[in-house]
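All remarks here apply to the structure that follows.
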């Protein structure tokens, strides 16, 4: 098929693609902090100099100087053309590559996502006439408004209800909605179940969870693993929680069930998400900490619940730093979040959230159960039990304070405890020959960085900051080289809220702006920016440029005033400009 591939499709395709999966299928990637590392596939070096950033959705090879998106990697590694790389990713995502011109005016975007969206509409429509499902939801206390918010539906008790509705089974099979018969033909995966659509960060349905209305041994059934849906990388209710927030989420409450999320939202606690029948993973934590700085794990208070909480703690330890917090909330016997919030109400439930155990309280409390602190041997055992957990923590205030607490509990000198721990690995440990890890450690940027270049670097680290930039019309007047490019980037991220630096790079591919972005990203990988200072520095840089606008205009008016009397309007403008020097440039 001839014709140009639309830019919008490239953007959407990258949003559907996980670069870690693409490269991980070809290279042996190892976790390195927030990134992944491997030996360069482009040189013969033996030490890791190749890094993949899930946050930026980009790779950086320091030994060869190559970097880019999933498309760029396939072009370099698989020796594909640009079109072939796009087609490879499109096939993997289950979509057809559209074309503009070339005799094909219609853009074809049919694929598993479209099949999932059609299925969600079908299940929602079926619920209207399914009295058994309606009665079940009423019995559980679910009202119509919240059912609509979460798109709850019903899969009829039929082997081919959805099959007949979708007509073409190919994409529905890829999406896990249908099952192939060995004898030929297909049948519905979900039957006689209340259906809960699972959405990605952009609100697109990527899978389903179904609650049976029969005596099925599998009370809940999830969609199978597909290129779009991974239980260990998705959370039910995250999209709805983010949509409910007018500003940053104060916290996210991690629960176990679909109905827990729905009922908490119905009672005015929309900050809840559920894992999809699996333990909390590092990928889950990555999603959570993109949306909030505080995670509240909510578990049953029984033995199984505490064991699940402990598994979550082990995953959380390497992710915690001074800007992130995890706490642990345990429910009264016989309750889950669904029943408890209905019994005690939202206000009392939020009070319980506020009383949740801190990570250090839970860690030391669970370890202390295994020893006798009254004996010397018990205290020594506690120090030994705590050691591997403290070694997982990043260097910083929390690790230091937890060492202080362990010293108090064990009566071992802080210095002795510290000496028994392995030193915290430097973010770039083990990387040689220019292969620095993509850490979040901050290094001073130096005076040589121009304001626009620095602002652009910071924005590429976290494009979500574009939503918080205000007074764009004033910034546009700044007499600063490159301000137009920065404003274009801000506009791009405004228009594409879920976009990463990789999307902007592809959008500006083979242009001077694109090459400039590529250089900035490479520099950012070599000289990482501290996450804790990111937003503050971005605001300070914008303020610096904004003040230049005001100073220039004030100077112009004062110069005019020496040549002629200023008008009343000009005098008022000077006063207004002087008063506006301290205005916030970010919201």
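Inspection of region 194-203 identifies at least one residue that is without any contact (Cβ under 8 Å) to a residue 40 or more places away in the chain and either in contact with a strand residue (DSSP E or B) (Cβ under 6 Å, 6 or more places away or on another chain) or surrounded by fewer than 20 Cβ atoms within 10 Å (Cβ to Cβ) (or both). When the residues of region 206-226 are narrowed to those that are in contact (Cβ under 8 Å) with a residue 40 or more places away in the chain, under 15 Å from residue 258 (Cα atoms) and not in a loop (DSSP other than H, G, I, E, B), which ends up nearest to the chain's Cα centre (by Cα)? Taking the candidates together, the pick is 207. Taking (1) in contact with a helix residue (DSSP H, G or I) (Cβ under 9 Å, 6 or more places away or on another chain); (2) modelled with pLDDT of 90 or more; (3) in a helix (DSSP H, G or I); (4) surrounded by fewer than 14 Cβ atoms within 10 Å (Cβ to Cβ) in turn, residue 377 satisfies each apart from (1).
Scanning region 127-160 for residues that are farther than 21 Å from residue 263 by Cβ and surrounded by fewer than 19 Cβ atoms within 10 Å (Cβ to Cβ) turns up 128, 129, 131, 157, 158, 159, 160. Against the criterion of being more than 27 Å from residue 163 (Cβ to Cβ) and out of contact with any helix residue (DSSP H, G or I) (no Cβ under 8 Å at 6 or more places or on another chain), residue 214 does not qualify. All of 510, 527 fail the test of being at positive phi and modelled with pLDDT under 80, apart from 510. Checked against (1) modelled with pLDDT under 90; (2) closer than 24 Å to residue 111 by Cα, residue 71 passes all but condition (1).
Only one entry in 385, 398, 367 is closer than 21 Å to residue 309 by Cβ, in a helix (DSSP H, G or I) and within 30 Å of the chain's Cα centre (by Cα), namely 398. Being over 30 Å from residue 176 (Cα atoms) and crowded, with 19+ Cβ neighbours inside 10 Å, is that true of even one residue in region 15-29? Scanning region 15-29, I find no residue that is over 30 Å from residue 176 (Cα atoms) and crowded, with 19+ Cβ neighbours inside 10 Å, so the answer is no. Checked against (1) assigned to a loop (DSSP other than H, G, I, E, B); (2) over 25 Å from residue 200 (Cα atoms); (3) free of Cβ contacts under 8 Å to residues at least 60 places away in the same chain, residue 176 passes all but condition (2). A single member of 354, 345 is surrounded by fewer than 16 Cβ atoms within 10 Å (Cβ to Cβ), within 30 Å of residue 143 (Cα to Cα), out of contact with any strand residue (DSSP E or B) (no Cβ under 8 Å at 6 or more places or on another chain) and touching a residue at least 12 places away in the same chain (Cβ under 8 Å), and it is 345.
The values are calculated or read from the model by the stated rules, or taken from the named source; none is laboratory data. None of these values were measured; they are calculated from a predicted model. Every residue, glycine as well, gets a Cβ built from its backbone with ideal geometry; the counts of neighbours run over all protein chains shown.
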